[in-house]
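Comments concern the structure below.
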Amino acid sequence: MNPTSVLVITHGSRRSEFLDWFNDLERYIKGRLGGLGLIVHVSIAHNEYSSPNWRDSLKELLRSGTKRVVIALAFLGPGNHVIRDIMGSLGVQEFNRWVRASWSDYEFEVYVTRPLIDSALVKEALLMRIVNALNTSVNVGRYIMDPEEIERNSLDKVVELVRRELGTNNESIIRLVAKAVFATGNPALIKYMHVDPEVFNVFSELINGNATVIADVKMVAVGVRWGNTVTLIDDADATKLAMELGITRAAASMRMGLSRFKPAIPIIGNSPTALIEVIKMIREGLEIPMVIATPPGFTNAVDAKEELIRMGIPSVVVRGTYGGSNVAVAVFNELLNIVREGHGR
């Protein structure tokens, strides 16, 4: 037998439901300890009213060869049953410490856990049950549960906010900015959105021509709703090119993609270096008709996005340190919706 055992002690009760709950607790503790690789004997015993009594259980454990016993107190506070009946009987005065003890002519080590009242988890569990009692019957009815209604209601609110903040009547720009804000839940993004009005016409022509979308990372590629989308960041040739040029794989994959696929729409949601590479290629003379650029970051991202805007390329850009792949995906998919609705596709 394992020389260490766990004895969980409760107050005890004559009610069968009480015993059923603690039998479930015993199974739970055994399973969790086993999952942690701690294979020890676990048993439940009681101080009064119920069997087995902890005194008999402890004697049986010691008789079978146990040398160390964790007494786990399933008591809320350190009342008389804990201090007098259990710890007093064992001659133990401290919680949460291995000490020598004796019981029924047996010498052994014992560790008595603290009662539960000072546990943050216990306090939180009790609080949440009180909160549920006070809130559930009153407030649940005010929540919207239908997913389509949730999105529709949220977007309506965001659209009105964007319309007010931007002071424009261009519905396409309002929709595009609203989707970016909706994707992040951050209204502050409104003032950081740059949307070139020409981007809608350019995007429409490219989509009608089945242009290839070149995504900087896989998270962007899997999010955009356009079948002709590629990302080469895991391509072996991109890795080789990155090493040769001393650039990141994202930058190398963007250079490879824009060189290989034409016409193409670069969409950069994560990597500022990918955007820098796009700018380099434009400077080198490559014709890139439009760019979606929303990479976040505190190094390179801010300056690269501002340089792209200054170049006058039709673009959608999240300025400053804001951005992310989710924003790039939201912008592209809403552009697609706008173009398809406008052209009957």
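Restricting to region 82-107, name every residue that is outside any loop (DSSP other than H, G, I, E, B) and touching a strand residue (DSSP E or B) at 6+ places or on another chain (Cβ under 8 Å).
To start, the set of residues in region 82-107 that are outside any loop (DSSP other than H, G, I, E, B) comprises 82-90, 98-103, 106-107.
Listed by number, the residues that qualify are 82, 86, 87, 89, 90, 98, 99, 100, 101, 102, 107.
Give me the residue from region 297-308 that is under 33 Å from the mean Cα position of the chain (by Cα) and open to solvent by 10 Å² or more (accessible area, probe 1.4 Å) and, out of that set, nearest to residue 218 (Cα to Cα). I'd like the intermediate steps shown before the answer.
From region 297-308, those under 33 Å from the mean Cα position of the chain (by Cα) are 297-306, 308; that's our starting set.
After this cut, where a residue has to be open to solvent by 10 Å² or more (accessible area, probe 1.4 Å) as well, the list is 297-300, 302-303, 306.
Working: 297: 18, 298: 22, 299: 22, 300: 21, 302: 22, 303: 24, 306: 25 Å.
Selected residue: 297.
Look at region 223-249: where a residue is free of Cβ contacts under 8 Å to residues at least 40 places away in the same chain and a partner is of a type outside the set (S, T, N, Q) and open to solvent by 60 Å² or more (accessible area, probe 1.4 Å), sitting 6+ places away or on another chain with Cβ atoms under 7 Å, you get 231/218; 233/218; 233/249; 238/249; 239/249; 242/249. Among the residues of region 1-25, which ones are open to solvent by less than 40 Å² (accessible area, probe 1.4 Å) and either of a type in the set (D, E, K, R) or closer than 17 Å to residue 113 by Cβ (or both)? Residues satisfying the conditions are 4, 5, 6, 7, 8, 9, 10, 22.
Pick from region 172-194 the residues that are assigned to a helix (DSSP H, G or I) and either modelled with pLDDT under 90 or basic (Lys, Arg) (or both): which of them is least open to solvent (accessible area, probe 1.4 Å)? Selected residue: 179. Against the condition within 28 Å of the chain's Cα centre (by Cα) and at pLDDT 95 or above, how does residue 267 come out, does it pass? For residue 267, the condition - within 28 Å of the chain's Cα centre (by Cα) and at pLDDT 95 or above - is met.
Residues that are in contact with an Asp or Glu (Cβ under 9 Å, 6 or more places away or on another chain), closer than 25 Å to residue 3 by Cβ and either small (Gly, Ala, Ser) or in contact (Cβ under 8 Å) with a residue 60 or more places away in the chain (or both) are absent from region 91-98 altogether. Answer yes or no: is there a residue in region 223-231 that is assigned to a helix (DSSP H, G or I) and either of a type in the set (D, E, K, R) or under 31 Å from the mean Cα position of the chain (by Cα) (or both). Within region 223-231, one or more residues are assigned to a helix (DSSP H, G or I) and either of a type in the set (D, E, K, R) or under 31 Å from the mean Cα position of the chain (by Cα) (or both).
Could you go through region 19-42 and let me know if any residue there is of a type outside the set (Val, Ile, Thr) and touching a residue at least 60 places away in the same chain (Cβ under 8 Å). If you could, list the steps in order and put the result at the bottom.
Here is the first cut: in region 19-42, the ones of a type outside the set (Val, Ile, Thr) are 19-28, 30-38, 41.
In the following step, the residues that additionally are touching a residue at least 60 places away in the same chain (Cβ under 8 Å) were identified as none.
So far as region 19-42 goes, no, none of its residues is of a type outside the set (Val, Ile, Thr) and touching a residue at least 60 places away in the same chain (Cβ under 8 Å).
Taking region 110-164, which residues are hydroxyl-bearing (Ser, Thr, Tyr), at pLDDT below 85 and outside any helix (DSSP H, G or I)? It would help to see each step written out before you state the result.
Step one: list which residues in region 110-164 are hydroxyl-bearing (Ser, Thr, Tyr), which gives 111, 113, 119, 136-137, 143, 154.
From what's left, at pLDDT below 85: 136-137, 143, 154.
Passing the criteria: only 143.
I'd like to know if region 44-59 contains one or more residues that are modelled with pLDDT of 90 or more, assigned to a helix (DSSP H, G or I) and exposed (fewer than 15 other Cβ atoms within 10 Å of the Cβ). For region 44-59, residues modelled with pLDDT of 90 or more, assigned to a helix (DSSP H, G or I) and exposed (fewer than 15 other Cβ atoms within 10 Å of the Cβ): present.
Screening residue 259 on (1) within 19 Å of residue 210 (Cβ to Cβ); (2) surrounded by 22 or more Cβ atoms within 10 Å (Cβ to Cβ); (3) of a type in the set (Gly, Ala, Ser) shows it passes everything except condition (2). Close contacts from region 283-296, counting a first residue that is surrounded by fewer than 24 Cβ atoms within 10 Å (Cβ to Cβ) and a second that is of a type in the set (Phe, Trp, Tyr), with Cβ to Cβ under 8 Å and a gap of 6+ residues or different chains, come to 296/322.
Summed over region 238-264, the residues that are under 33 Å from the mean Cα position of the chain (by Cα) and of a type in the set (D, E, K, R) give a count of 2.
For beta carbons closer than 7 Å, sequence separation of 6+ or different chains, a first residue in region 105-129 that is closer than 30 Å to residue 56 by Cβ and open to solvent by 50 Å² or more (accessible area, probe 1.4 Å) and a second that is modelled with pLDDT under 95 and in a helix (DSSP H, G or I), the qualifying pairs are 106/62; 116/122.
The values are calculated or read from the model by the stated rules, or taken from the named source; none is laboratory data. Since the structure is predicted, the reported quantities are computational estimates derived from the model, not experimental observations. Here Cβ is always computed from backbone atoms with ideal geometry, including for glycine, and neighbour counts include all displayed protein chains. Protein only, heavy atoms only, side chains kept; ligands, DNA and RNA dropped before computing areas. Shrake-Rupley method; radii C 1.70, N 1.55, O 1.52, S 1.80 Å.
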